Amino acid sequence: MALAITARQRQQFQKEGYFILERVIGEADLAVLREELDRFIAKTEAAMDASRTDEFGLNRRGKRYFIGNRHAEAEGRLDPFLFGDTVADICKATLGDDAYLFVEQFVVKMAEVGLKFAWHQDSGYVKYNMPSYTRTYVTLWCALDDMSDENGTISVLPFSRAGTREVIDHVKDPELNDLVGYFGDDPGDLVIVPAGSIAVFSSALLHRSGPNGTSRPRRSYVVQYSPEPILKPDGTPFELAEPLLLDGQRVRRTAAVRRA
C-alpha cells in the first residue's frame, strides 16, 4: 500500500523544510531495527574494549552512539526497510524520480547521561569536508522509541525562522567534535512523536537534540537519500551511493556500493 503523503505535507517540506509522518514504521520493521541496533552497540563496545578506549569518533561509551553505514553487516535484514515502499514513497515526494541511499545511521542517547547534539544542518557535515558540494538531500529521522522533550528528541528550526534555506558554514565544537551551524536563541519546534514515526526534513534544515534525562535509552535510525551519488573529487562515494529509485522506478537490489 502506498504511503499517503498529502499536498500540504509536500508544501510544508518546500516552504519550511520538513514534515512529520506518525506511526508509519510497522511493528515488524521496528523489531528488526531495534535488534540490529543492539547487535551493533555490542560490536562497538567490543571494539572499544580491544582498543582500550571509551571514544570512537562521535561515540561515547555509555553516553551516546552513532553507528553508521554498516547495513551490509546485517546480512540483508535492514534492506526491506532501507529499500522498501515507505522510504521510496517519501523520496518520490521530496527528491523526485532518482534517489540513492547516502547514509544510514543508528543514533542512541543512553539513559540519564545521553549528551545533547548541537544545532546543525546535515549538509553542514558534507560541506565541512567537501566545500564545493552544496546540493541538498533528504533525511528520514526514524523514531525507534516514543520521543519526548525529556528523552532528548530533536528540535527543528523551520526555514522561515532560520532565515536561510541554504547550506551554511559550520564550526567544530572542540569538546564533542560536533559541528555547529546556529548560535541564535530560537528554541525551535520539538518533534514529539510515538515510536514508528518519521520526521522527514531537508539536509539544509537546522536541527538539534537535547540530553536524555529518562531511565531508558532514546533510539533513532537516521537514513538519508540523495538525488544523485555524492562523490569525492576523485570520483569515489563520499559515503554510500546505493540506488533506490531511477527514473521513478524502484531499483532491484544487487551488490552494495560500499564506502571508499
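So the label point goes 7 Å from the Cα of Asp149 along Cα→C-beta, right? Which residues of region 189-223 then have their backbone N under 19 Å from it? 189-195, 207-216, 218, by backbone N distance to the label point. Fully extending the segment from Ser215 to Thr53, taken as 0.36 nm per residue of separation minus the present Cα-Cα distance, adds 55.8 nm. Listed values for region 217-228 are Karplus-derived 3J(HN,Hα) couplings in whole Hz (6.51 cos²θ - 1.76 cosθ + 1.60, θ = phi - 60°), namely x, 10, 10, 9, 10, 9, 10, 10, 10, 10, x, 7, and x replaces Gly and Pro. Placing +1 on each Lys and Arg Cβ and -1 on each Asp and Glu Cβ, with no other charges, gives the chain a dipole about its Cα centre of roughly 160 debye. Over region 7-250, what is the relative contact order in percent, taking alpha-carbon pairs closer than 8 angstrom and at least six residues apart? Here the relative contact order equals 32 percent.
Once the mean of 1/r is taken over each pair of separate Cα atoms and inverted, region 40-162 shows a Kirkwood hydrodynamic radius of 16.9 Å. Centre-to-centre separation between the Cα atoms of region 91-168 and those of region 48-63: 23 Å.
Shape class for region 7-250: rounded, because the ratio a/c of the largest to smallest gyration tensor axis (alpha-carbon atoms, square roots of eigenvalues) is under 1.5.
Which length gain, in nm to one decimal place, applies between Ala46 and Arg61 when the Cα-Cα distance is subtracted from 0.36 nm times their residue separation?
Stretched out fully, the Ala46 to Arg61 stretch lengthens by 4.3 nm.
Placing unit charges on the Cβ atoms of the charged side chains and taking the dipole of the chain about its Cα centre, the candidate lying farthest along the positive direction among Val193, Ala31, Thr53 is Thr53.
Can you list the aspartates and glutamates whose alpha carbon is less than 14 Å from that of Lys63, not counting same-chain residues fewer than 8 positions off? List returned: Glu45, Asp54, Glu55, Glu112. 3J(HN,Hα) along region 198-203: 10, 8, 9, 8, 5, 5 Hz, from the Karplus curve 6.51 cos²θ - 1.76 cosθ + 1.60 with θ = phi - 60°, whole Hz, x for Gly and Pro. Looking at region 1-99, which GluC sites (Glu not before Pro) are DSSP coil and have at most 14 other C-beta atoms within 10 Å of their C-beta? For GluC sites (Glu not before Pro) across region 1-99 that sit outside H, G, I, E and B with at most 14 neighbouring Cβ atoms in 10 Å, the list reads Glu22, Glu75. In nm, to one decimal, how far is the Asp186 label point from the Gln11 one, both placed 7 Å along Cα→Cβ? Those two pseudo-labels are separated by 2.0 nm. If you sort the three axes of the alpha carbon gyration tensor as a ≥ b ≥ c, you get a/c of 1.5 or more for region 145-186 and a/b no higher than b/c, which makes it oblate. Hey, can you grab everything whose amide H is under 5 Å from the amide H of Lys232? Only 5+ residues off in sequence or another chain; H modelled, so Pro and N-termini drop out. It is Phe238, by chain and number.
Using 31 Å as the Cα-Cα cut-off, could you pick out the over-long pairs in Lys43/Lys172; Lys92/Lys172; Lys15/Lys43? Too far apart for the 31 Å limit: Lys92/Lys172; Lys15/Lys43.
Just so you know, all these numbers are worked out from the coordinates, no wet-lab data involved. Remember, predicted model here, so these are calculated numbers, not experimental data. Ideal geometry is used to build each Cβ from the backbone, glycine not excepted, and the neighbour counts take in all protein chains shown.
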